[in-house]
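Student: Please find one structure pasted underneath; my questions will follow.
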Amino acid sequence: MHSETKLLVGSSVILSLAITALVALPYLQEEDSHPPAGLMPYTDQQLRGRQVYIENGCIACHSQQPRTRLQAPDFDRGWGRASTADDYFYDKPTLLGTMRTGPDLFNIGARQPSKDWHLGHLYQPRAYTQGSIMPAYPFLFILKNKASPGDTVVNLPPAQAIPGKVVIARQEVLDLVTYLQGMDHTYPVDKLPNLPEVDKGTSGQTSTGSK
Amino acid sequence: MNVLAILLSAFIIAIIGLMFFIWSQRKSLVDGGDAAARVIFGADEVGTIEDPSATPANRKIQQTHLYSHTAPGHRISDEDLQVRIRADQSSARVTLAFFCMAIFWLLVASAFGLISSIKLHEPDWLTQSQWLTFGITRTLHLNVVAYGWAPMAALGVCNWMLPRLLKTPLAGARYAIAGLMIWNAALIAGLVGIANGYNTGLEWLEIPLPIAVWLAIGGALIGMPLVVTLQQRKVAHLYVSVWYMGAALFWFPALLIIAKLPIHHGIEQATANWWFGHNVLGLFYTPLSLASIYYLLPKVIGKPVESYNLSLVGFWTLAFFYGQVGGHHLIGGPVPGWLIALSIVQSMMMLIPVAAFSINQHLTIRGHFHMLKYSPTLRFIVLGGMMYTLSSVQGSFEALRSMNTVTHFTHFTVAHAHLGLYGFVSLVMFGAIYFIMPRITNWEWPYPGLIALHFWLVVLGFAIYFVALTSAGWMQGKYMLDASRPFMDSVHVTQPGLIGRSIGGAIMTLGHLVLAVHFVLMLRRSGPRRESAAILNQASA
């Protein structure tokens, strides 16, 4: 049984080391995170909208983590300053994302506050952005002949309007848009994000926000 | 920096410990390196090829080409033959069950992969239902590959190799059958859930805890035959494939359970997410596939692994370094700097186990490359092994900040992931299925031409896929870093590559259909009856 013991002990120890480094230590470090003063908790509707974001797999194409100005021109694109761990205080789970098939959305609410724009864009992205490859989400809307009281009618660009029909937003998409409108992390940071060592001192960027 | 000093010393101590550990393993084999590598052969068998996937004529060519100089009589003894036949019989049912599920999931995965791919250049196609939206079809594709095709194929191979490697019939196969049923039921539940929006929002961990726990239970049950059979083993030494399989079977449930613990929060949840995401590749699919190569390659060419000790070094260094590379998925993100630094270092250290394997494979096959012409299994696994080297080296360099800044968030990473999970894992699994099926069904592959067709379709399709997507991803990254270009330029520039990816993917899917049809024909025992069944002792006849 000698080899089996070695295998079991060796593979357990190695796995434990990995857990310590990538799970346990970050867990301990996370303990002293606190919400930044400028960050509002989500409203119930925003949380429902966040769930719609998760359900439809928006994370497959959109990140929520602007990079530093040293690394990428995210700030110049209007995606906001580099995010810090505290910015995600209310996020369960964090939706950092690994793809930018579409733009980063961490500050989409600040960049694009219009509800009409969001509703129309989700109904048909190509009506707003030429060459966009974002899917249309017609299943989040209802086509009706006439709006009933209480319906939210989507104001589409004239070219997209369907004669004799109105496009009504379902509750899910209204929730989703509320979530997107709330995506605004433009408040000042309490602490600087961890910048790579090599970048320190190579630019005035690091000193601007340090205490 | 204090943290840096602690980290650095911990790293050095760990490396020294690891080297000592490997050395202690080696010591016990100090005179037995060669003997240990011969464990997989019968007493007088070295020099005899075993290749059930080849036609009898090609088998004869292989045998005479390789060993024309050896004296006749170099073949497996009747006693060893009986042991091996009993081993294959003991695992036949369970392995076949795994393979049937694997082929089924392969087709499902191909369909969702292809749909997702087409959607990125035809965004108004199939938009009427939620479950067909890109975000969901892509997630379904990932989960079907990650929890359907790849593990079903690899665990089937694993259960078949065990009795051969331990030279005793497989015990506890019913645990594996139960595990298989639980696993697949959980997977179906998970997929239906994802299609309907029941999803955690964490990549690779989309299946929610109440269902995922059954995957972990199923995985643990599938590992039971290993535990039971090990206790009845008739070999003194555990061949390196057993190390890889044993560790992988232990790691998978552990990884899944820890990643799924409902305690993770904030940024730590993201690090735990990628700790799992990368480890399920590195500590589950990779070791199972390497175990297959370490067994099948020497068997097919009838020659032990060139350096057995190198294979053990490869095993322990893989386990150690791979476990800590997950943070490289978060470079540039809001995570602690030390964690990123650690993951980058370990990503580069991964070059050690990769070199250990690659050198070993090359030295073993050296001089026998023309055998690829005659042996379908060899063609798939040797190419798969090379893809392992390529994808690992590419992965190490992608972890470097300079390259990561360009490739992260782009299709380049998607192409890289497919180089690993398709180019390496899937090709090796195809090769293994071609080897094993004749052994467990006592029937030859009915149409050898279909094997060749499958091979060329997937190789051609994947070459198109990889080249198109890699170049599109690189340009996408370059354009995104260029502040003078609007973001939409980085979308437009990927279009030709994304269309190319769909063409490549369609050709790969055709290849999978060929495999599936051939698989069904074999099970139905149709097709021409060939001159001899691929029974063991026919190899050198």
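Student: Would you mind finding the one in A:A127, A:A136, A:A161 that is free of Cβ contacts under 8 Å to residues at least 24 places away in the same chain and more than 30 Å from A:P41 (Cα to Cα)?
Tutor: When all the criteria are applied, what remains is A:A161.
Student: Can you find a residue in the stretch A:105-115 that is surrounded by fewer than 18 Cβ atoms within 10 Å (Cβ to Cβ), facing chain B (nearest Cβ under 7 Å) and farther than 30 Å from B:F252 by Cα?
Tutor: Taking every residue of the stretch A:105-115 in turn, none turns out to be surrounded by fewer than 18 Cβ atoms within 10 Å (Cβ to Cβ), facing chain B (nearest Cβ under 7 Å) and farther than 30 Å from B:F252 by Cα.
Yes or no, residue by residue, for (1) within 11 Å of the chain's Cα centre (by Cα); (2) at the interface with chain B (Cβ under 8 Å from one of its Cβ atoms):
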site: A:L96; (1), (2): yes, yes
site: A:T101; (1), (2): no, yes
site: A:G120; (1), (2): no, no
site: A:Y128; (1), (2): no, no
site: A:M134; (1), (2): no, yes
site: A:P138; (1), (2): no, yes
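Student: How many residues does the stretch B:169-224 hold that are within 14 Å of another protein chain (Cβ to nearest Cβ) and of a type in the set (V, I, T)?
Tutor: Result for the stretch B:169-224: 4.
Student: Give the residues of the stretch B:390-424 that are more than 30 Å from B:W338 (Cβ to Cβ) and out of contact with any Leu (no Cβ under 8 Å at 6 or more places or on another chain), sorted by residue number.
Tutor: B:Y422, B:F424
Student: Among the candidates B:P208, B:P225, which residue alone is touching a Ser or Thr at 6+ places or on another chain (Cβ under 9 Å) and either free of Cβ contacts under 8 Å to residues at least 24 places away in the same chain or at positive phi (or both)?
Tutor: Only one candidate qualifies: B:P208.
Student: Can you tell me which of B:A35, B:A5, B:A54 is part of a helix (DSSP H, G or I), modelled with pLDDT of 75 or more and hydrophobic (A, V, I, L, M, F, W, C)?
Tutor: Unique residue meeting the criteria: B:A35.
Student: Further question on the same structure: Hey, can you tell me all the residues within the stretch A:22-52 that are in contact with a helix residue (DSSP H, G or I) (Cβ under 6 Å, 6 or more places away or on another chain), within 11 Å of another protein chain (Cβ to nearest Cβ) and not in a loop (DSSP other than H, G, I, E, B)?
Tutor: A:L22, A:V23, A:P26, A:Y27, A:E30, A:R50, A:V52
Student: Let me ask something additional. Name the residue that is modelled with the highest pLDDT, counting only residues in the stretch A:166-194 that are within 14 Å of chain B (Cβ to nearest Cβ) and within 14 Å of A:F75 (Cβ to Cβ).
Tutor: Filtering first and then ranking leaves A:H185.
Student: Oh, and also: For the stretch A:68-90, give me each residue that is at the interface with chain B (Cβ under 7 Å from one of its Cβ atoms), under 13 Å from the mean Cα position of the chain (by Cα) and in a loop (DSSP other than H, G, I, E, B).
Tutor: A:S83
Student: When you scan the stretch B:249-257, do you find a residue that is under 30 Å from B:A43 (Cβ atoms), touching a helix residue (DSSP H, G or I) at 6+ places or on another chain (Cβ under 8 Å) and touching a residue at least 12 places away in the same chain (Cβ under 8 Å), even just one? Before you say what the answer is, go through the steps one by one.
Tutor: First pass over the stretch B:249-257, keeping only residues under 30 Å from B:A43 (Cβ atoms): B:249.
From what's left, touching a helix residue (DSSP H, G or I) at 6+ places or on another chain (Cβ under 8 Å): B:249.
Remaining after also requiring touching a residue at least 12 places away in the same chain (Cβ under 8 Å): B:249.
Looking for residues that are under 30 Å from B:A43 (Cβ atoms), touching a helix residue (DSSP H, G or I) at 6+ places or on another chain (Cβ under 8 Å) and touching a residue at least 12 places away in the same chain (Cβ under 8 Å), one finds at least one in the stretch B:249-257, hence yes.
Student: Tell me which residues, restricted to the stretch A:1-55, are of a type in the set (D, E) and either surrounded by 14 or more Cβ atoms within 10 Å (Cβ to Cβ) or within 19 Å of the chain's Cα centre (by Cα) (or both).
Tutor: Listed by number, the residues that qualify are A:E4, A:E30, A:D44, A:E55.
Student: For the stretch B:318-328, check the following and say yes or no: at least one residue is in a helix (DSSP H, G or I), crowded, with 24+ Cβ neighbours inside 10 Å, hydroxyl-bearing (S, T, Y) and in contact with a helix residue (DSSP H, G or I) (Cβ under 7 Å, 6 or more places away or on another chain).
Tutor: Yes; the residues of the stretch B:318-328 include at least one that is in a helix (DSSP H, G or I), crowded, with 24+ Cβ neighbours inside 10 Å, hydroxyl-bearing (S, T, Y) and in contact with a helix residue (DSSP H, G or I) (Cβ under 7 Å, 6 or more places away or on another chain).
Student: If B:H264 meets every condition in (1) at the interface with chain A (Cβ under 10 Å from one of its Cβ atoms); (2) under 21 Å from the mean Cα position of the chain (by Cα); (3) of a type outside the set (S, T, Y) apart from one, which number is that one?
Tutor: Going through (1) at the interface with chain A (Cβ under 10 Å from one of its Cβ atoms); (2) under 21 Å from the mean Cα position of the chain (by Cα); (3) of a type outside the set (S, T, Y) one by one, B:H264 breaks only (2).
Student: Among (1) facing another protein chain (nearest Cβ under 9 Å); (2) loosely packed, with under 15 Cβ neighbours inside 10 Å; (3) of a type in the set (S, T, Y), there is one condition A:S148 misses while meeting the rest; what is its number?
Tutor: The number of the failed condition is (1).
Student: Could you list, in sequence order, the residues of the stretch B:337-349 that are closer than 18 Å to B:I22 by Cα and surrounded by fewer than 23 Cβ atoms within 10 Å (Cβ to Cβ)?
Tutor: Answer for the stretch B:337-349, where residues must be closer than 18 Å to B:I22 by Cα and surrounded by fewer than 23 Cβ atoms within 10 Å (Cβ to Cβ): just B:M349.
Student: Taking B:F357, is it more than 14 Å from chain A (Cβ to nearest Cβ), surrounded by 22 or more Cβ atoms within 10 Å (Cβ to Cβ) and in a helix (DSSP H, G or I)?
Tutor: So B:F357 passes the test.
Student: If you take the residues in the stretch B:384-407 that are more than 16 Å from the chain's Cα centre (by Cα) and free of Cβ contacts under 8 Å to residues at least 40 places away in the same chain, which one is surrounded by the fewest Cβ atoms within 10 Å (Cβ to Cβ)?
Tutor: B:S402
Student: Separate question: State which residue pairs qualify: first residue at the interface with chain A (Cβ under 7 Å from one of its Cβ atoms) and farther than 14 Å from B:L191 by Cβ and inside the stretch B:131-145, second residue assigned to a helix (DSSP H, G or I) and basic (K, R) in any location, beta carbons under 8 Å apart, and separation of 6 or more residues or different chains.
Tutor: As it stands, the answer is B:F134/B:K119, since those pairs meet every condition given.
Student: Residues of the stretch B:408-441 being crowded, with 23+ Cβ neighbours inside 10 Å, among the aliphatic types (A, V, I, L, M) and within 25 Å of A:Q65 (Cβ to Cβ), which ones?
Tutor: B:A415
Student: Ok, one more. How many of the residues in the stretch A:129-169 are in a loop (DSSP other than H, G, I, E, B) and either touching a strand residue (DSSP E or B) at 6+ places or on another chain (Cβ under 6 Å) or not charged (D, E, K, R) (or both)? Steps first, answer last, please.
Tutor: Start the filter on the stretch A:129-169 by keeping residues that are in a loop (DSSP other than H, G, I, E, B), which leaves A:129-137, A:145-152, A:154-157, A:161-165.
Next cut, either touching a strand residue (DSSP E or B) at 6+ places or on another chain (Cβ under 6 Å) or not charged (D, E, K, R) (or both) only: A:129-137, A:145, A:147-152, A:154-157, A:161-165.
Residues in the stretch A:129-169 being in a loop (DSSP other than H, G, I, E, B) and either touching a strand residue (DSSP E or B) at 6+ places or on another chain (Cβ under 6 Å) or not charged (D, E, K, R) (or both): 25 in total.
Student: Go through the stretch B:366-383 and give me each residue that's part of a helix (DSSP H, G or I) and surrounded by fewer than 22 Cβ atoms within 10 Å (Cβ to Cβ).
Tutor: B:F369, B:H370, B:L372, B:K373, B:L383
Student: Still on this model: If B:F315 passes every condition in (1) within 13 Å of another protein chain (Cβ to nearest Cβ); (2) over 28 Å from B:G431 (Cβ atoms) but one, which one does it miss?
Tutor: All conditions are met except number (2).
Student: Right, next: Only one of B:E206, B:E268 is at pLDDT below 95 and charged (D, E, K, R); which? Outline the logic, then answer.
Tutor: Details: B:E206 fails: at pLDDT below 95.
Criteria check complete, one pass: B:E268.
Student: Being surrounded by fewer than 24 Cβ atoms within 10 Å (Cβ to Cβ) and in a loop (DSSP other than H, G, I, E, B) is the filter here, so list the residues in the stretch B:207-254 that pass it.
Tutor: B:P208, B:Q231, B:Q232, B:R233, B:K234, B:V235, B:A236, B:H237, B:L238
Student: Of a type in the set (F, W, Y) and in contact (Cβ under 8 Å) with a residue 60 or more places away in the chain: does that describe B:Y175?
Tutor: Considered against the rule, which asks whether it is of a type in the set (F, W, Y) and in contact (Cβ under 8 Å) with a residue 60 or more places away in the chain, B:Y175 comes out as no.
The values are calculated or read from the model by the stated rules, or taken from the named source; none is laboratory data. In this text the structure is predicted, and so the values were computed from the model without any measurement. No Cβ is skipped: glycine too gets one built from the backbone with ideal geometry, and neighbour counts run over all protein chains shown.
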